[in-house]
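Visitor: The structure that follows is given in the form of structure tokens.
Every number in this text was worked out from the coordinates using simple rules, so none of it is lab data. Quick caveat, the model's predicted, so the values are computed rather than measured. When we count neighbours, we look across all protein chains shown, and the Cβ atoms used for this are built from the backbone with ideal geometry, even at glycine.
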Amino acid sequence: MSEAMMPISPDALHHRTRLFDLTKPVTISAEKFNEVWPYVDAVYTKLQSERLQAYGTLRVQKYECRLRKSKKSSTTREDTEGKAIKRRHSSIRTQDLCHVRIKVTRPVDK
């Protein structure tokens, strides 16, 4: 079964490129952000639950690039009996692949 593809406007592609290649803060309208975010959100992961600011009138959400490495990788340790303690075998990602963090501030819907 084939699904219909969602058309992407050239303007959305331009803003998507801006959000992937962040070198300085970017401000875009809420309407434009809502149009572009579905094309970008798979690359970013939410850092924390949203917070309210300015007496509950603004909602703040923070995201970071999935390739960003925030924590140091763990290493395999040996138990006193010589057994490995690390439970999962995973590859260690290279650091410094992506440094981007996004802070999204929106008005609270009432």
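Visitor: With θ taken as phi - 60° and the coefficients 6.51, -1.76 and 1.60, list the Karplus ³J(HN,Hα) couplings across the stretch 32-49 in order, rounded to whole Hz; mark glycine and proline as x.
Guide: 5, 4, 5, 6, 8, 3, x, 8, 10, 5, 6, 8, 10, 10, 6, 7, 8, 5
Visitor: Give me Thr45, Thr94 ranked fewest to most by other Cβ atoms within 10 Å of their Cβ, as a rough exposure proxy.
Guide: Thr94, Thr45
Visitor: Something else: Taking 25 Å as R0, compute the FRET efficiency from the Cβ-Cβ separation of Lys62 and Tyr39 and round it to 0.05.
Guide: 0.80
Visitor: Between Arg101 and Ala54, what length in nm is gained on full extension when 0.36 nm per residue of separation is reduced by their alpha carbon distance?
Guide: 14.7 nm
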